[in-house]
2 protein chains.
Amino acid sequence: MALIVHKYGGTSMGTTERIRNVAKRIVKWVRAGHQVVVVPSAMSGETNRLLALAAELEPAERSAQTCRELDALAATGEQASSALLAIALQAEGQPAISFTGWQVPVRTNSAYMKARIESIESTRIRKELDAGRVVIVTGFQGIDEQGHITTLGRGGSDTSAVAIAAAIKADECLIYTDVDGVYTTDPRVVPNAQRLKTISFEEMLELASLGSKVLQIRSVEFAGKYRVPLRVLSSFTPWDIDLAEEAASGTLITFEEDEKMEKAVVSGIAFTRDEAKISVLGVPDTPGIAYAILGAVAEAGIEVDVIIQNLSKDGKTDFSFTVSRADYDRAVKVLNEKVLPNLDQGASLDGNKQISKVSIVGIGMKSHAGVASTMFRALSQEGINIQMISTSEIKTSVVIDEKYVELAVRSLHTAFGLDGEVSIDVPKRNDEK
Amino acid sequence: MALIVHKYGGTSMGTTERIRNVAKRIVKWVRAGHQVVVVPSAMSGETNRLLALAAELEPAERSAQTCRELDALAATGEQASSALLAIALQAEGQPAISFTGWQVPVRTNSAYMKARIESIESTRIRKELDAGRVVIVTGFQGIDEQGHITTLGRGGSDTSAVAIAAAIKADECLIYTDVDGVYTTDPRVVPNAQRLKTISFEEMLELASLGSKVLQIRSVEFAGKYRVPLRVLSSFTPWDIDLAEEAASGTLITFEEDEKMEKAVVSGIAFTRDEAKISVLGVPDTPGIAYAILGAVAEAGIEVDVIIQNLSKDGKTDFSFTVSRADYDRAVKVLNEKVLPNLDQGASLDGNKQISKVSIVGIGMKSHAGVASTMFRALSQEGINIQMISTSEIKTSVVIDEKYVELAVRSLHTAFGLDGEVSIDVPKRNDEK
């Protein structure tokens, strides 16, 4: 007997028919002798429907109080889907009970709309499991110290599931979703991308932070911190497939570096399209110049990704960094108003909103020299110019012209020996808000 | 400065445009110096939408556990409308905060789907009022001792509003709805029915229990128990009408018997159409016979209304009672299976599903003899046969053939001098589930 957490995304819960299938799948696990805790997302479309109503009423500027109310509003989506799933399980003859975030309780800080989980009380969940019930806990939400409802932000239900698995010391956390696992890269760009049977936690963390949409990054961080074995698998297989087959499907995120992983130098290729580059040209190469530039940008709440500083020449240097494309105009405004006036007169700005970042990720890079040079050679053979480079122990990222992104991903996929049979077309995961 | 509770029904909250108008109306009251607590229903249609989803999944027999989940599901409707109203108030520049039943908390017993309020903690509400905020409290819901979500049943938001008004010692509880007050009878049956400016609590209680849909009976009971001044008024007047005019509109339910009330012998005429009559004929007239018959019916959870026992003849009597038409078939089954076999062989059943109950209600009946005879004369003049009679201190009810109900109501309305000018057509209140 194992203690298992199942997490189902919004498309998996999208209709009563699908909720019934989710219930039947859970019952299969219970009848095989397992204890199951389920974390469902809201029915697909529901959170957007609620927030669209709010958008018709909202004040021009969102105060913390408005964010508080938006959280109280959005949290109803998971409360409803959780109750519906409990009812569907009861209709299958399976005792079940649903709990909201405050009933568990799932305690968070008070950062409305992007709260972080601080602790989860496991007593009530364990008591109901021991009474033979399936326990359903609303994803995406909690309460703060003052008893206000909070939500975790987009994709927060993944994080809820992993945090609950950690709190109850579950044997495995299964993320049922509308893709059937983690791929070497996006199968829509590379049709012969392969599903990975396992991937290390470190690699998954890099892939999630570098643009892979399969798992929300905070859920991977949680899994790493508490060493929760995590599996991504499809909720669209028939509910009555063999349990052993289902339990071994998808992609397992592991903490042991097995032999297979040692062999693969690069496990996956991630990319993002929504980046922009800003260069501050002709700045004095003095201590504190990076802070003078990036401090102002950070103060405006803009996250900076790749950063490079050119070699100095005549006491001047160029300083470049990337931001999310949505933040580009605001970052340029901050620089023009708060930074350039304090720099030498010769300083100027340059920018490019048509860039992409392509990253290779692999735990094998730790022990293999020459991975970066293989990457650079492959890109150069395609005539793709590298604008910026950023490396860590298990990833190398390059910033390139956006128009080359598919070509770059395909050539790297081949260069690192990741091509497999042409897979069936796997849609982008679409079940999280 | 007064402390006022506003309650808005589902149609008043039915669209974002209407929610905005509710917000503007509340702001008018706050700017006039009042503290306001608001109890909104769910947006019209929302509770039915949620319960329809559940109906697609429900087990054949509803257990207490299923009812628990239905309550968790249904309670989301008011949580969402309350948050939306808080956002709309904030957009008007008015600080506001919404609380769910568990956040107040509103404590109830554990009777899911028909819970009764046991206590309401006023500390948190008062604190927020004193901080200058409008406080919105979800209607219809609470939590039980174990922290499970409960709902109060149909029309429960009226009860929530009155109970909250009692808990915070509000000066008045205003029930904003889609009719503009309490009428002498249903204006769809008697076009010249008149709106009552005031009505005594006792009369309102009788009217509510005898078929008037304007106020949920438990809300009237609460108002009586805690002497909460209660006013029923229209939410469809323009939000910016003069506040003094609005505050005096509709119908006030009072606890003082003023002169006007002394003069009116009968204040209102109520009627129900969904009744059925069952007679057990030829039963032995022995002690315990009423219990033998009605005990079995009550055990089956069927409520009995009017009861009469004929004069005995040769040691035998006939015993008749009314039940809700929906319970008729079940009641007949219970009698055939559990009661008749224990009675003398000559006993038999008779039934009629085409009956109605018409009631006259008036606090003046206490001190005026002859009210019943006026009623009987009026009905006899129209050739309407009275099948059963039931009286209390301030009401007289008669059971008649259903086809005469409109004729009976109109003739009684005239006989007791209630006819006024022909009023505008007032729709039946339709904003409660």
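The values are calculated or read from the model by the stated rules, or taken from the named source; none is laboratory data. Fair warning: this is a prediction, and the values are worked out from it, not measured in the lab. Positions of Cβ are backbone-derived with ideal geometry, glycine not excepted, and every protein chain shown enters the neighbour counts. To get the accessible areas, we keep the full protein, side chains included, count just its heavy atoms, and leave off ligands, DNA and RNA. Shrake-Rupley method; radii C 1.70, N 1.55, O 1.52, S 1.80 Å.
Out of the residues in segment A:352-401 that are more than 23 Å from the chain's Cα centre (by Cα) and small (Gly, Ala, Ser), state the one that is farthest from A:Leu281 (Cα to Cα).
Per the stated criteria, the residue is A:Ser367.
For segment B:105-121, which positions are crowded, with 23+ Cβ neighbours inside 10 Å and out of contact with any Cys (no Cβ under 8 Å at 6 or more places or on another chain)?
Filtering segment B:105-121 for residues crowded, with 23+ Cβ neighbours inside 10 Å gives B:106, B:108, B:112, B:115, B:117.
B:Val106, B:Thr108, B:Ala115, B:Ile117, listed by residue number.
Return yes when B:Ile307 is surrounded by fewer than 22 Cβ atoms within 10 Å (Cβ to Cβ) and within 26 Å of the chain's Cα centre (by Cα) and no when it is not. Give the derivation first.
Working: surrounded by fewer than 22 Cβ atoms within 10 Å (Cβ to Cβ): yes; within 26 Å of the chain's Cα centre (by Cα): yes.
Criteria met by B:Ile307.
Read through the list (1) closer than 17 Å to B:Ala83 by Cβ; (2) more than 8 Å from chain B (Cβ to nearest Cβ), then give the number of the only condition that A:Ala131 fails.
Just one mismatch for A:Ala131, condition (1).
Check whether at least one residue in segment A:256-275 is in the same structural domain as A:Asp350 (by the TED database), open to solvent by less than 40 Å² (accessible area, probe 1.4 Å), more than 16 Å from the chain's Cα centre (by Cα) and of a type in the set (D, E, K, R), and report yes or no.
Within segment A:256-275 (the criterion being in the same structural domain as A:Asp350 (by the TED database), open to solvent by less than 40 Å² (accessible area, probe 1.4 Å), more than 16 Å from the chain's Cα centre (by Cα) and of a type in the set (D, E, K, R)), the answer is yes, since at least one residue qualifies.
Inside segment A:19-66, can you point out the residues that are assigned to a helix (DSSP H, G or I), under 21 Å from A:Thr237 (Cβ atoms), of a type outside the set (A, V, I, L, M) and away from chain B (no Cβ under 11 Å)?
If we filter segment A:19-66 for residues that are assigned to a helix (DSSP H, G or I), which is where we start, we get A:19-31, A:46-57, A:64-66.
Keeping just the survivors that are under 21 Å from A:Thr237 (Cβ atoms) gives A:19-31.
After this cut, where a residue has to be of a type outside the set (A, V, I, L, M) as well, the list is A:20-21, A:24-25, A:28-29, A:31.
Matches in segment A:19-66: A:Asn21, A:Lys24, A:Arg25, A:Lys28, A:Trp29, A:Arg31.
Name the one entry in B:Gly139, B:Gly101, B:Gly147, B:Gly153 that is farther than 20 Å from B:Pro229 by Cα and away from chain A (no Cβ under 14 Å). Working first, answer last.
Details: B:Gly139 fails: farther than 20 Å from B:Pro229 by Cα; B:Gly101 fails: away from chain A (no Cβ under 14 Å); B:Gly147 fails: away from chain A (no Cβ under 14 Å).
Criteria check complete, one pass: B:Gly153.
Across segment A:67-79, what is the number of residues that are of a type outside the set (A, V, I, L, M, F, W, C) and more than 7 Å from every other protein chain (Cβ to nearest Cβ)? First the steps, then the outcome.
Quick first cut of segment A:67-79, residues of a type outside the set (A, V, I, L, M, F, W, C) only: A:68-69, A:71, A:76-79.
When the remaining residues are screened for being more than 7 Å from every other protein chain (Cβ to nearest Cβ), the result is A:68, A:71, A:77-78.
Number of matching residues: 4.
If a residue must be open to solvent by 30 Å² or more (accessible area, probe 1.4 Å) and either assigned to a loop (DSSP other than H, G, I, E, B) or under 22 Å from B:Ser219 (Cα atoms) (or both), how many such residues does segment B:241-255 contain?
As a first pass, look at segment B:241-255 and keep what is open to solvent by 30 Å² or more (accessible area, probe 1.4 Å): B:241-245, B:247-249, B:252, B:255.
When the remaining residues are screened for being either assigned to a loop (DSSP other than H, G, I, E, B) or under 22 Å from B:Ser219 (Cα atoms) (or both), the result is B:241-242, B:247-249, B:252, B:255.
Of the residues in that region, 7 qualify.
Just to be sure before I move on: is A:Arg188 surrounded by fewer than 24 Cβ atoms within 10 Å (Cβ to Cβ), among the charged types (D, E, K, R), assigned by the TED database to the domain that holds A:Arg227 and out of contact with any Phe, Trp or Tyr (no Cβ under 8 Å at 6 or more places or on another chain) in the structure I sent?
On the way: surrounded by fewer than 24 Cβ atoms within 10 Å (Cβ to Cβ): yes; among the charged types (D, E, K, R): yes; assigned by the TED database to the domain that holds A:Arg227: no; out of contact with any Phe, Trp or Tyr (no Cβ under 8 Å at 6 or more places or on another chain): yes.
Considered against the rule, which asks whether it is surrounded by fewer than 24 Cβ atoms within 10 Å (Cβ to Cβ), among the charged types (D, E, K, R), assigned by the TED database to the domain that holds A:Arg227 and out of contact with any Phe, Trp or Tyr (no Cβ under 8 Å at 6 or more places or on another chain), A:Arg188 comes out as no.
Does segment B:52-66 contain at least one residue that is crowded, with 24+ Cβ neighbours inside 10 Å and in contact (Cβ under 8 Å) with a residue 40 or more places away in the chain? If you could, list the steps in order and put the result at the bottom.
Of the residues in segment B:52-66, the ones crowded, with 24+ Cβ neighbours inside 10 Å are none.
No.
Quick check on A:Val283: is it modelled with pLDDT of 90 or more and touching a Leu at 6+ places or on another chain (Cβ under 7 Å)? Don't jump to the end; show me each part of the working.
Working: modelled with pLDDT of 90 or more: no; touching a Leu at 6+ places or on another chain (Cβ under 7 Å): yes.
Answer is no for this residue.
Might you check whether a residue that is open to solvent by 50 Å² or more (accessible area, probe 1.4 Å) and touching an Asp or Glu at 6+ places or on another chain (Cβ under 6 Å) occurs anywhere in segment B:324-332? Don't jump to the end; show me each part of the working.
Taking segment B:324-332 first, the residues open to solvent by 50 Å² or more (accessible area, probe 1.4 Å) are B:325-326, B:329-330.
In the following step, the residues that additionally are touching an Asp or Glu at 6+ places or on another chain (Cβ under 6 Å) were identified as B:325.
Within segment B:324-332, one or more residues are open to solvent by 50 Å² or more (accessible area, probe 1.4 Å) and touching an Asp or Glu at 6+ places or on another chain (Cβ under 6 Å).
Residue by residue through segment B:219-240, note down the ones that are part of a loop (DSSP other than H, G, I, E, B) and either polar (S, T, N, Q) or crowded, with 24+ Cβ neighbours inside 10 Å (or both). First the steps, then the outcome.
Here is the first cut: in segment B:219-240, the residues part of a loop (DSSP other than H, G, I, E, B) are B:227-229, B:235-240.
Of everything in segment B:219-240, those that are part of a loop (DSSP other than H, G, I, E, B) and either polar (S, T, N, Q) or crowded, with 24+ Cβ neighbours inside 10 Å (or both) turn out to be B:Val228, B:Ser235, B:Thr237.
Which of the following residues is on the phi < 0 side of the Ramachandran plot and without any contact (Cβ under 8 Å) to a residue 60 or more places away in the chain: B:Arg195, B:Arg188, B:Arg154, B:Arg133? Give the derivation first.
Working: B:Arg195 fails: without any contact (Cβ under 8 Å) to a residue 60 or more places away in the chain; B:Arg188 fails: without any contact (Cβ under 8 Å) to a residue 60 or more places away in the chain; B:Arg154 fails: without any contact (Cβ under 8 Å) to a residue 60 or more places away in the chain.
Only one candidate passes the filter, namely B:Arg133.
Filter segment B:80-98 down to residues that are surrounded by fewer than 24 Cβ atoms within 10 Å (Cβ to Cβ) and either among the acidic types (Asp, Glu) or not in a helix (DSSP H, G or I) (or both) and give me whichever is farthest from the other protein chains (Cβ to nearest Cβ).
Only one residue fits best here, namely B:Gln94.
Just to check your reading of the model, which residue among B:Phe271, B:Phe236, B:Phe255 is within 30 Å of B:Ala165 (Cα to Cα) and in contact with a Ser or Thr (Cβ under 7 Å, 6 or more places away or on another chain)? Lay out the reasoning, then the answer.
Numbers: B:Phe236 fails: in contact with a Ser or Thr (Cβ under 7 Å, 6 or more places away or on another chain); B:Phe255 fails: in contact with a Ser or Thr (Cβ under 7 Å, 6 or more places away or on another chain).
After applying the criteria, what remains is B:Phe271.
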